[in-house]
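Working notes, structure below.
All of the numbers you see were taken from the coordinates with simple rules; none came from a lab. Note that the structure is predicted; figures quoted are calculated from it, not measured.
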Amino acid sequence: MANSFTKHPNSINETYFEHMKNALRFVVVLKCLALAGVIHSIFPFWFEKTVSNGIKELNDILEKRNKT
C-alpha cells in the first residue's frame, strides 16, 4: 500500500510530503489565477496578462521537474 503513495513522487525525485506541498502550492496558484480570470472577464483592463503568464510559469516549473 505504501508504494501506491510513493511511486509517483519517487518517479519525480520527491518525497511524499514534498510532492504534497508542491501539489497544494499548484492548487493555490491555480485558484488565484482562476479568480484573476473571473475578474478579468468583468474588467478586461485588469489582469491582462496575469493568467497567461501564470500558466506559462507553472508549465515551466513542470517542464523542469520532468527533466530531472
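Translational diffusion coefficient of the range 2-67 at 10 °C, 1.306 mPa s, Stokes-Einstein with Kirkwood Rh over Cα pairs, in µm²/s as a whole number.
Working: Rh = 13.4 Å.
Reported coefficient: 118 µm²/s.
Where in the chain are the helices, taken as whole DSSP H runs, whose Cα atoms extend 20 angstrom or more along the long axis and whose Kyte-Doolittle mean reaches at least 0.5?
Working: long enough: 16-42 (39 Å, 1.04); 50-67 (26 Å, -1.02).
Result, helices passing both filters: 16-42.
Return a whole-number percent for the relative contact order of the range 2-67, with Cα pairs under 8 Å and 6 or more residues apart as the contact set.
On the way: 24 pairs, mean separation 15.5, N = 66.
Reported as a whole number, the value is 23 percent.
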